[in-house]
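Since the structure comes first, as structure tokens, the remarks are kept for the end.
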Amino acid sequence: MELNNLKKLSIQISLSGLSFCILNSSDSEIEFLKRVDFKSKLTPGAVLEELQGILSKEPLLSQTFDSVLVLFQNELSNFVPEEFFEEQNAADYLKFSSKIIKTDFISHDKIEASNCINVFVPYININNYLFEVYGEFEYKHASTIFLEQILKKEENSNDDKVYINVEPFQFEMAVVKKGQFQLYNSFEYVTKEDFIYYVLFAFEQLKLDTETVMVKLSGQIVEDDELYQMLYTYIRFVTFDEPSKNYNYTKADGVNPQHQHTLILNSFN
């Protein structure tokens with residue numbers, strides 16, 4: 001494969017939407033970036049139909065890629081300290097915090113920066129379809145990328161920070177105290193009041209000061225929407241979390257604001 005064809009594809013999959021990103025790694029050019037949000041939370045079967053429709057209509061997604069990474073974004077995950085992890089007991093780490101069934105396939109990622117294992121349930125129907133389309137590919141839980149990048153940024157920090165990645169109907173929160181991983185959780189919300197309740201509850205439980213702690217936002221949130229306004233009403237320092245690497249975007253549409261795509265843009269090694 002020629003150098004100028006070293007293209008990587010990342011696909012982010014949740015029950016509330018899909019994201020696609022193509023990176024030409026030879027010149028750090030983002031050649032394609034597309035996000036599709038659903039009007040309601042779908043079933044894995046309905047998400048597969050949406051995915052099939054998009055891939056059939058978008059020729060750029062049908063080319064050959066040097067690598068393909070699929071990110072599953074759902075609440076079916078849990079972090080386990082590596083020293084306690086036993087693969088044969090993977091279901092046990094999930095059953096008390098997630099609704100799983102006996103037939104669910106369970107996978108796991110290693111979070112190098114924190115010596116922990118992210119145990120999760122991927123959508124096997126979607127994996128099977130993508131294997132037919134692309135052949136072999138790698139898949140991870142989206143929270144693995146979310147947390148790994150945060151821990152890299154905060155490795156030598158002396159401050160406490162809260163990171164929130166907002167999606168339709170759910171958001172993820174990670175808390176780092178002086179570079180040390182304290183909390184990751186995913187919350188479902190309907191109203192802005194639901195959203196701020198979970199955020200402030202985490203602040204209270206972890207004894208975080210709303211007057212001093214920086215909150216860094218990514219995903220589907222902008223300054224003039226009600227979630228941001230609600231957050232800024234109660235928390236003094238709020239900013240947006242930009243992607244970790246600088247890419248060229250001359251060929252991609254709909255990139256700005258970049259923080260809305262931070263998670264998928266951070267998925268490229």
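Summary of values
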{"quantity": "Region 222-233: number of residues that are open to solvent by 50 Å² or more (accessible area, probe 1.4 Å) and in a loop (DSSP other than H, G, I, E, B)", "calculated": "2"}
{"quantity": "Number of the condition not met by L183 [criteria: (1) more than 15 Å from the chain's Cα centre (by Cα); (2) hydrophobic (A, V, I, L, M, F, W, C); (3) in a loop (DSSP other than H, G, I, E, B)]", "calculated": "(3)"}
{"quantity": "Residue in region 234-247 that is aliphatic (A, V, I, L, M) and open to solvent by 30 Å² or more (accessible area, probe 1.4 Å) present", "calculated": "no"}
{"quantity": "Qualifying residues in region 186-215 (those that are among the hydrophobic types (A, V, I, L, M, F, W, C) and either part of a strand (DSSP E or B) or surrounded by 20 or more Cβ atoms within 10 Å (Cβ to Cβ) (or both)) - the one nearest to the chain's Cα centre (by Cα)", "calculated": "F187"}
{"quantity": "Answer from Y129, Y134, Y139 - the residue that is under 15 Å from the mean Cα position of the chain (by Cα) and modelled with pLDDT of 95 or more", "calculated": "Y139"}
{"quantity": "Residue within region 46-61 that is surrounded by fewer than 16 Cβ atoms within 10 Å (Cβ to Cβ), of a type outside the set (D, E) and in contact (Cβ under 8 Å) with a residue 40 or more places away in the chain present", "calculated": "yes"}
{"quantity": "Among the residues listed as S157, S143, the single one being open to solvent by less than 70 Å² (accessible area, probe 1.4 Å), within 28 Å of L217 (Cα to Cα) and part of a helix (DSSP H, G or I)", "calculated": "S143"}
{"quantity": "Residues satisfying the stated conditions in region 39-68, i.e. in a loop (DSSP other than H, G, I, E, B), over 21 Å from the mean Cα position of the chain (by Cα) and not aromatic (F, W, Y)", "calculated": "E58, Q63, T64, D66"}
{"quantity": "Filter result (open to solvent by 20 Å² or more (accessible area, probe 1.4 Å) and either of a type outside the set (A, V, I, L, M) or within 22 Å of S67 (Cα to Cα) (or both)) within region 108-122", "calculated": "H108, K110, E112, S114, N115"}
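The values are calculated or read from the model by the stated rules, or taken from the named source; none is laboratory data. If you're wondering where the values come from, they're calculated on a predicted model, not measured in any experiment. Neighbour counts are summed over all protein chains in view; Cβ atoms, including those assigned to glycine, are modelled from backbone coordinates with ideal geometry. Surface areas here come from the heavy atoms of the whole protein model, side chains and all, with no ligands, DNA or RNA. Shrake-Rupley method; radii C 1.70, N 1.55, O 1.52, S 1.80 Å.
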